[in-house]
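To keep things clear, I will list the structure first and then write my remarks on it.
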Amino acid sequence: MILLLFLLVSQFNPDFSPKFQQALRLLQEQKFSEAVAILEVLVKESPAVAEYWNALGIAHAANGNTAAALKPLETSCDMKRGCFALGRLLQSQGRHAEAIAAFNRAPQFEQHSELLASMARSSELTGDLQAADLAYRRALAESALRPANSAEIQVQYSRFLIRQRRFEPARWQLDQSLRKKPFNGAAWRDKAYVLIELDRKEQAVDALEQAIAHGERTRENLLALSRLHADLGNREKAEEYLKEATPIPPR
């Protein structure tokens, strides 16, 4: 929802009603009910402005009223604006086939990496793995010149590949992502577990230690690191991480 609000605010046109700018400001301030009240007036006054319908749907969704959000988002999408928001709403309701249809209706300027990655997730959940793979690849191509964005898409794509047990391509995607965002602890963690599946335990130790150093110091990761060190014959390290993972409770 934060992403949708950002995209909505970034599309502001000075030719729109000043009330629209006021509504966008209220959305940024999370005053959703007040924004809805203004936007409902705007769509009645100017029903041909797709941006007003899109904003009204997003405001309803942000306010937790997904039932009320659907109609204005459908209206907006029919006018070739806001199909991404409609697709995300349908996706949140588990209506993935309908979400894909909405994403496919989006005009070219809305075919950004976030939409394509969302399409990939819904395609996977409907069992169309080929379409999911293609959508992730399109998302990567679209985000290629934005390193931080493409790094995140590569993590998402790698997790899709992991779920398909395609570990070597998943490792490659994670390596590329980590070159762009080397302090992403979650990506290091994912890489470690991929390396375990590939039976590259020494490399897995390095990756898991990087994950722990960058915010992933969880009990699960500490236990995994202890097991890896034990398998490699590093008893002291294994015991050290095991103790940290299972501290003795105070008496």
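I need every pair where a residue in the range 168-180 that is charged (D, E, K, R) has its Cβ under 6 Å from the Cβ of a residue that is in a helix (DSSP H, G or I) and open to solvent by 20 Å² or more (accessible area, probe 1.4 Å), sequence separation at least 6 or different chains.
From residues that are charged (D, E, K, R), the pairs are Lys180/Pro147.
Within the range 43-54, is there a residue that is among the β-branched types (Val, Ile, Thr), over 28 Å from Tyr136 (Cα atoms) and modelled with pLDDT under 95?
Yes, there is a match, as at least one residue in the range 43-54 is among the β-branched types (Val, Ile, Thr), over 28 Å from Tyr136 (Cα atoms) and modelled with pLDDT under 95.
Okay, residues lined up against (1) modelled with pLDDT of 95 or more; (2) open to solvent by 10 Å² or more (accessible area, probe 1.4 Å); (3) acidic (Asp, Glu):
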position: Ala85; (1), (2), (3): no, no, no
position: Ala99; (1), (2), (3): yes, no, no
position: Phe103; (1), (2), (3): yes, no, no
position: His112; (1), (2), (3): no, yes, no
position: Leu116; (1), (2), (3): yes, no, no
position: Asp128; (1), (2), (3): yes, yes, yes
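Within the range 37-52, restricting attention to residues that are under 18 Å from Cys77 (Cβ atoms) and not hydrophobic (A, V, I, L, M, F, W, C), which residue is most open to solvent (accessible area, probe 1.4 Å)?
Only one residue tops the list, namely Pro47.
Only one of Ala139, Ala69 is open to solvent by less than 20 Å² (accessible area, probe 1.4 Å), within 26 Å of Leu178 (Cα to Cα) and not charged (D, E, K, R); which?
The conditions single out Ala139.
Is it fair to say Ile153 is touching a residue at least 24 places away in the same chain (Cβ under 8 Å), closer than 20 Å to Asp133 by Cβ, open to solvent by less than 70 Å² (accessible area, probe 1.4 Å) and among the β-branched types (Val, Ile, Thr)?
yes
Have a look at Arg165, Arg121 and point out the one that is open to solvent by 10 Å² or more (accessible area, probe 1.4 Å), farther than 21 Å from Gly82 by Cα and either at pLDDT 95 or above or not small (Gly, Ala, Ser) (or both).
Every option except Arg165 fails the conditions.
Residues checked against (1) charged (D, E, K, R); (2) over 27 Å from Arg166 (Cβ atoms); (3) in contact with a Leu (Cβ under 9 Å, 6 or more places away or on another chain):
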residue: Ala186; (1), (2), (3): no, no, no
residue: Asp199; (1), (2), (3): yes, no, no
residue: Glu202; (1), (2), (3): yes, no, yes
residue: Leu208; (1), (2), (3): no, no, yes
residue: His214; (1), (2), (3): no, no, no
residue: Ala230; (1), (2), (3): no, yes, yes
residue: Gly233; (1), (2), (3): no, yes, no
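The values are calculated or read from the model by the stated rules, or taken from the named source; none is laboratory data. Worth saying up front: this structure is predicted, and the values here are computed from it rather than measured. When we count neighbours, we look across all protein chains shown, and the Cβ atoms used for this are built from the backbone with ideal geometry, even at glycine. Please note that ligands, DNA and RNA were not included when accessible areas were found on the heavy atoms of the full protein model with its side chains. Shrake-Rupley method; radii C 1.70, N 1.55, O 1.52, S 1.80 Å.
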